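The values are calculated or read from the model by the stated rules, or taken from the named source; none is laboratory data. Since this is a predicted model, take the numbers as computed values, not measurements. Note: ideal-geometry Cβ built from the backbone for every residue, glycine included; neighbour counts use all protein chains shown. These accessible areas exclude ligands, DNA and RNA; they are computed on the full protein's heavy atoms, side chains included. Shrake-Rupley method; radii C 1.70, N 1.55, O 1.52, S 1.80 Å.
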Amino acid sequence: MKKIFFVFFLTLYSCISFASHITGGEMIYEYIGPGSEPNTKKFTITLKLFRDEHTTGAPMPPSVFIGIFDNDTNTPFPVSNAPEKSFTVPLSNENAVTINPFPPCVNNTPELDYNVGLYSLTIELPDNAAGYTAAYQTCCRVIPLNNVFTTNGTGGTGSTYTCVIPPFIDTSPSFASSIDLICFNREFTLNFRATDIDGDSLAYSFIEAYNGGRATNASNIDPEAPPYNSVTYINGFTSASPLGNAATINPETGIITGIAPAAGKYVVSVRVRSFKNRKYVGEHRKDFIINVGDCDVAGATLNANPVMCSGYSVTFSNDNPSSLNKTFFWDFGDPKSGALNTSTSAIPTHQFSDTGVFVYKLIVNQGQACPDTASQIVKVYPGFTPGFTSVGQCKNTPISFTDTTKSRFGIVNSWAWDFGDRQRTDDTSHQKNPSYIFNPSDDYTVQLTVTDSKGCIGTVPVSVAIKDKPDFTITNDTLICTIDTLQLTASGTGTFLWTPAYAINNQTISSPLVSPDIPTKYHVDFADNYGCKGSDSVFVDVKNFVTLNAGNDTSICATDAILLTPVSDALQYKWSPSNSLNNDTFKNPTATPLSNTAYTVIASIGKCNSTDVINVRSTPYPSANAGIDSSICL
């Protein structure tokens, strides 16, 4: 009854806004020793809740509900002498979170003021095979969040803080509780380092943050049993890049560094995995809402390890665009370039004197307020040209890809292919010259990312058309004379099979000779070297003789033109005389005779031909005489 009254009191006290001040948490466990009963172990489970003291809402919760679940059965571990499914754990201590020192020369400095509340539960757990899971769930993260979807009130995205206690003696790692200043679009460092009193080896990575389960508008609920669901990431952020692609976590130290995203609030969840003598022990999480301030910090920030592979000219810039950066001094580390080795430009371009590795330096505000210095290396190895070719064109057949990358100073040493197949997720390869089977037919953008031993990297996208059948062509429909032989032609590299086997010298070559005596349609089946198949046909009409009628004799006026229109089934024509024709090999040439002319045409089908003549009479234009001029009376 007391627990029921307590929940009612907290709901009236805080309701929707209760958890919006909670900015993060973690749950740790510590092995105390053997339990008072046989085959039991004593642990202290501690929940850390972090509160932003600059937000409105309720103070740190006076107590929380922590559920413990037997991983063998996924059922709640019973609360002694009570029907409840979770333990009511009071706030045992609340301390200010350490704020790490700010860098000098910060404009618009945000106020950072956080407290951490500790809720500790000591409990004896019977030995089992899979261990136990402890959890606390709450509703309503702060609004708005830049990287996680959330809503105000009922249904808002909450939080789950949990730990897994293994079935053997162990104490979990514990994350540092300090906080760092982070300014938007500026270089930053964020400490997520953990310590382990057992001396286990630790490995860090980003991991998805859990939502609040069924916690919607009240602070204290009986937590659900695992598994727990992830929050929904938005705006291009993911659990693996909660602060954007320019921020990374060191897997050995847990230190997050990089360039901060836009000002706002970001959910960051980090997992630390522990190993004892190289054997996996377990994992632990911390979930925290990072505040990226709308502040400005002077400094020099240089791109890490750039490699120039296209030429000797390199343009440099300071990745810190602070308005507090007033002057710039660059040393390019290239003494052979003489006086050109330094520059005071904000964005200089330097032509390096040779290939190699150069250490360059930037000093901002030299001899003034807020100075800063950064050094970095630049590798200059021009002559790196990525590329590839492909052979094959049909769906459901292997398409071969060949890397053609050239590296003048290095050795090509890695290949990452993305075949652009939207139907599959395994459309990648790291072979130098792979093959891939596409289906269905479509245009695919195949992308190769390649590197060399000098650090050069390049990406080449190429559109590859995948078809239902191969591209190949054969002779157009034609005709021959019975005494002739015709060569059929099919293009393509592969195998051919011509049918029928009538009057053909070879059925399996691309260009066989045929000499049919009757009209015949020849079919060809083609298969390229990758199994791509297609077929086509050509109709060969056969003639015993050539039909020809040059047309009726006719007359024209001198200097006029006439179109000759013989009726014939021939394939070739030869007219004579040719001096008054626009073309003596056209079937229908234009004639402009100045005198009577007999045009002879020879019409041919192969070796067969016929001859005919058409006479064109050329008559002068008649003279006109209208008579002499005359007059009449009005």
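One residue stands out in region 396-435 among those that are of a type in the set (V, I, T) and in a strand (DSSP E or B): the one that is surrounded by the most Cβ atoms within 10 Å (Cβ to Cβ), namely I399. Of all residues in region 246-263, those that are within 18 Å of I289 (Cβ to Cβ) and β-branched (V, I, T) have Cβ atoms under 9 Å from Cβ atoms of residues that are at pLDDT below 95 and surrounded by fewer than 14 Cβ atoms within 10 Å (Cβ to Cβ), 6 or more apart or on another chain, in I256/T189. Inclusion of F438 among residues that are open to solvent by less than 80 Å² (accessible area, probe 1.4 Å), without any contact (Cβ under 8 Å) to a residue 40 or more places away in the chain, hydrophobic (A, V, I, L, M, F, W, C) and under 18 Å from N529 (Cα atoms) is not warranted.
In a residue-by-residue description of region 209-226, the property of being of a type in the set (V, I, T), assigned to a strand (DSSP E or B), open to solvent by 30 Å² or more (accessible area, probe 1.4 Å) and within 30 Å of A262 (Cβ to Cβ) applies to no position. Considering only region 486-500, I want to know if a residue exists there that is touching a residue at least 12 places away in the same chain (Cβ under 8 Å) and within 30 Å of T355 (Cβ to Cβ). Scanning region 486-500 turns up no residue that is touching a residue at least 12 places away in the same chain (Cβ under 8 Å) and within 30 Å of T355 (Cβ to Cβ).
Among the candidates I256, I182, I165, the residue that is of a type in the set (A, V, I, L, M, F, W, C) and under 30 Å from E84 (Cα atoms) is uniquely I165.
Of the residues in region 214-237, none is at pLDDT 95 or above and touching a Pro at 6+ places or on another chain (Cβ under 6 Å).
Here's the yes/no breakdown for (1) open to solvent by 80 Å² or more (accessible area, probe 1.4 Å); (2) part of a strand (DSSP E or B); (3) in contact (Cβ under 8 Å) with a residue 12 or more places away in the chain; (4) under 30 Å from I504 (Cβ atoms):
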{"residue": "F545", "(1), (2), (3), (4)": "yes, no, yes, yes"}
{"residue": "T559", "(1), (2), (3), (4)": "yes, no, yes, no"}
{"residue": "Y573", "(1), (2), (3), (4)": "no, yes, yes, yes"}
{"residue": "N615", "(1), (2), (3), (4)": "no, yes, yes, no"}
{"residue": "G627", "(1), (2), (3), (4)": "no, no, no, no"}
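Scan region 266-280 for residues that are of a type outside the set (F, W, Y) and either at pLDDT below 95 or under 16 Å from T189 (Cβ atoms) (or both) and the total you get is 6.
Of the strands (runs of 3 or more DSSP E) lying entirely inside region 96-183, those containing at least 2 residues that are under 37 Å from the mean Cα position of the chain (by Cα) and at negative phi are 132-138, 159-165. Taking every residue in region 363-381 that is more than 8 Å from A298 (Cβ to Cβ) and pairing it with any residue that is of a type in the set (K, R) and part of a strand (DSSP E or B), at least 6 positions away or on another chain, the pairs with Cβ-Cβ distances below 9 Å are T373/K361; A374/K361; S375/K361; Q376/K361.
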